[in-house]
1. Filter the stretch 247-279 for residues that are aliphatic (A, V, I, L, M) and surrounded by 22 or more Cβ atoms within 10 Å (Cβ to Cβ); which is farthest from V160 (Cα to Cα)?
2. Going through the stretch 143-160 one residue at a time, which ones are without any contact (Cβ under 8 Å) to a residue 40 or more places away in the chain and more than 17 Å from R262 (Cα to Cα)?
3. Which of the residues spanning the stretch 227-240 are closer than 15 Å to F205 by Cβ and touching a residue at least 60 places away in the same chain (Cβ under 8 Å)?
4. Based on this model, can you work out whether E103 counts as touching an Asp or Glu at 6+ places or on another chain (Cβ under 6 Å), in contact (Cβ under 8 Å) with a residue 24 or more places away in the chain and not aliphatic (A, V, I, L, M)?
5. If I filter the stretch 126-138 for residues that are at pLDDT 95 or above, assigned by TED's automatic domain parsing to the domain that holds A231 and assigned to a helix (DSSP H, G or I), do I get at least one hit?
6. Could you tell me which residue of the stretch 88-143 is nearest to the chain's Cα centre (by Cα), considering only residues that are of a type in the set (D, E) and under 21 Å from Y215 (Cβ atoms)?
7. What number goes with the only condition from (1) out of contact with any Leu (no Cβ under 9 Å at 6 or more places or on another chain); (2) assigned to a helix (DSSP H, G or I) that I271 does not pass?
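The values are calculated or read from the model by the stated rules, or taken from the named source; none is laboratory data. Just so it is clear, the model here is predicted, and its values are computed rather than measured. Note: ideal-geometry Cβ built from the backbone for every residue, glycine included; neighbour counts use all protein chains shown.
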Amino acid sequence: MISDGGLRERLATAWGLDRASVEIHNGGMNSATWFVGQDGVRWVAKAVAPAARGSFTAGLAVAAALDQAGIAAGAPVPTRDGEVVVEVAGIPLALLTWVPGEELTGSEADQRLIGATLARVHRALRHVSVPGTEHFHWVDPHAAHLGVRPWVRGAVTAAVEAYDRLAPRTLTWGLLHTDPSPEAFRLAAGTCGLLDWSVAMKGPFLYDLASAVMYTGGTACAAPLIESYLADGPIPRPEAERALAVMVRFRWAVQADYFARRIATDDLTGIADATGNEKGLADAYAALRPYNSVSTGGCCLGG
């Protein structure tokens, strides 16, 4: 995507890092990343596809807003000219603040920390607005790529219809992370941050909570996370009881949509070969299959 020489030259001209060490990271599926260091300070350089520049810039604005609120989010470092995103051979590049710490897991203690951190993030973003904000959601049941497997379109359509029946405007809305997996959280010295702000998306906070629940095994396994979030987050408990299970289903439909698109376009960004996309779609199939015969009601939450 970006050559080593091109990256080093841009780090020097834009940020004055003319003696930087650079190490390839590339931990994500939609971007390229490098660890950058100079004079004992560390950063992360991140590049995205040219078509994603607008959403990337808007997401960085959300990270900056969280940084101002005292939450570590990998805020962008302005260039000498005050820019947030520059280009290297037409590819958008940003330099992000290093957030130290260990990735979280699905353990009970980490679940509670994920829930509490996500609640704090949502409270901080409840009334924040940034330029370039997109509106939830982006799933089109008529999209051509949903024909990649016989089951995909029907499962995605049913999940979207279930979401629509929630009367989405009755839910609690704000700026979303959209993909708060455990590895996006960083814990250091008792403080937890949340990384990877790739878009500014306004939608139901319940979508972020459902995403975190999905990554920790579903509502049956994520009680500590859910309770920790509800204890301090902006979503009222009755809203979660009514709608969380439906939103978890929708979240799995998003996974199906995402991997179906990657398979249809042979997108191998961030993975070694096509089996990564196939596994992602298979996981979505396994999660959505029970809904073919079982209706989805509310979510039973612990007290």
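1. Taking the stretch 247-279 first, the residues aliphatic (A, V, I, L, M) are 247-248, 253-254, 256, 260, 263-264, 268, 271-272, 274.
Narrowing further to those that are surrounded by 22 or more Cβ atoms within 10 Å (Cβ to Cβ): 247-248, 253-254, 256, 260.
On the way: M247: 9, V248: 11, A253: 8, V254: 9, A256: 12, A260: 16 Å.
So the residue we want is A260.
2. If the condition is that a residue be without any contact (Cβ under 8 Å) to a residue 40 or more places away in the chain and more than 17 Å from R262 (Cα to Cα), then G154, T157 are the ones that fit.
3. Kept after step one, since they are closer than 15 Å to F205 by Cβ, are these residues of the stretch 227-240: 228-240.
Scanning the stretch 227-240 gives S228, Y229, L230, A231, D232, G233, P234, I235, P236, R237, E239, A240.
4. Details: touching an Asp or Glu at 6+ places or on another chain (Cβ under 6 Å): yes; in contact (Cβ under 8 Å) with a residue 24 or more places away in the chain: yes; not aliphatic (A, V, I, L, M): yes.
Criteria met by E103.
5. No, the conditions are met nowhere in the stretch 126-138.
6. Applying the first criterion (of a type in the set (D, E)) to the stretch 88-143 yields 102-103, 108, 110, 134, 140.
After this cut, where a residue has to be under 21 Å from Y215 (Cβ atoms) as well, the list is 102-103, 108, 110.
Numbers: E102: 18, E103: 15, E108: 21, D110: 18 Å.
Of everything passing the filter in the stretch 88-143, E103 is nearest to the chain's Cα centre (by Cα).
7. Among (1) out of contact with any Leu (no Cβ under 9 Å at 6 or more places or on another chain); (2) assigned to a helix (DSSP H, G or I), the lone unmet condition for I271 is (2).
Every residue, every condition in (1) surrounded by 16 or more Cβ atoms within 10 Å (Cβ to Cβ); (2) under 26 Å from A282 (Cα atoms); (3) of a type outside the set (K, R); (4) in contact with a Phe, Trp or Tyr (Cβ under 6 Å, 6 or more places away or on another chain), yes or no:
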| position | (1), (2), (3), (4) |
| --- | --- |
| H145 | yes, yes, yes, no |
| V148 | yes, yes, yes, no |
| G154 | no, yes, yes, no |
| A158 | yes, yes, yes, no |
| R165 | no, no, no, no |
| P168 | yes, no, yes, no |
| T178 | yes, yes, yes, no |
| T191 | no, no, yes, no |
| W197 | yes, no, yes, no |
